[in-house]
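Undergrad: Questions regarding the structure given below will be posed in turn.
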């Protein structure tokens with residue numbers, strides 16, 4: 001029987017495909033004990049993958065407002081009894097951070113008391129980490145004065161941090177990346193009555 005050239009070419013192509021596929025299947029089934037086959041890597045079963053994680057500084061204010069309500073002259077109130085509740089800051093980034101705090105310019109727009117300049121101890125802060133993360137806080141009452149007085153967040157300095165430093169971004173279930181920011185207020189003797197409101201700034205920087 002005579003076979004045309006076209007049919008012969010088709011049969012050869014099919015034979016080549018079957019031959020190559022069969023060889024590849026056979027090699028994939030060979031155990032490592034048979035040795036290394038030239039052109040194939042059969043003994044290396046591990047590799048190295050490199051990745052770089054960018055450091056991110058990100059804080060979240062979980063409790064954004066502290067409402068003291070009515071207070072009389074000659075008295076004081078603070079947030080250590082959680083009435084009212086203190087500010088709560090969280091490290092949501094990927095870096096250990098230092099945090100600074102500041103009140104708007106003393107005695108000016110945004111400050112709590114019009115008489116701030118005559119009674120620096122009438123508005124104070126401290127901080128308490130919510131866990132054993134190794135964070136170091138300002139646990140004593142500190143006046144909103146000096147580095148803690150600022151016209152804006154951009155005017156704050158984090159060197160050294162004046163609120164908390166070495167605050168970890170990890171959370172092992174004990175809210176270790178959180179910090180309570182407490183306030184203590186005492187109306188100055190010359191302060192007039194009425195509603196008072198302060199603007200508080202927080203600035204975070206990689207530790």
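Undergrad: Listed highest first by mean packing, meaning other Cβ atoms within 10 Å per residue, what order do 71-83, 158-170 come in?
TA: Ranked from most to least packed, the peptides come out as 158-170, 71-83.
Undergrad: Starting with the highest mean, order 113-124, 145-156, 176-187 by the number of other Cβ atoms within 10 Å, averaged over the residues of each peptide.
TA: Ranked by mean Cβ neighbours within 10 Å, highest first: 176-187, 113-124, 145-156.
Undergrad: Could you tell me the center-to-center distance, by alpha carbons, between region 184-207 and region 80-106 in angstrom?
TA: 13
Undergrad: While we're here: Short version: what are the Cα gyration tensor semi-axes of region 59-206, square root of 5 times each eigenvalue, largest first, in whole Å?
TA: They are 27, 16, 12 Å, listed from largest to smallest.
Undergrad: Here is a follow-up. If each of residue 197 and residue 61 carries a label point 7 Å out from its Cα toward its Cβ, how far apart are those two points in nm?
TA: Distance between label points: 1.2 nm.
Undergrad: Sticking with this one: Under 15 Å from a point 7 Å along the Cα-to-Cβ line of residue 141: which residues of region 163-207 have their amide N that close?
TA: Output list for this probe position: 182-189.
Undergrad: Could you work out, for region 76-129, what percent of all Cα-Cα pairs fall into each 10 Å distance bin, beginning at 0 Å and stopping at the bin that holds the largest distance?
TA: All Cα pairs considered, the percentages come to 18, 40, 32, 9, 0.
Undergrad: Multiply the residue separation of residue 205 and residue 175 by 0.36 nm, subtract the distance between their alpha-carbon atoms, and state the gained length in nm to one decimal. Walk me through the numbers on the way to the answer.
TA: Working: separation 30, 0.36 × 30 = 10.80 nm, distance 1.98 nm.
Result: 8.8 nm gained on full extension.
Each reported figure results from applying straightforward, stated rules to the coordinates on display, with no laboratory input. Worth saying up front: this structure is predicted, and the values here are computed from it rather than measured. Using ideal geometry, Cβ is built from the backbone for each residue, glycine included, and neighbour counts are taken over all protein chains shown.
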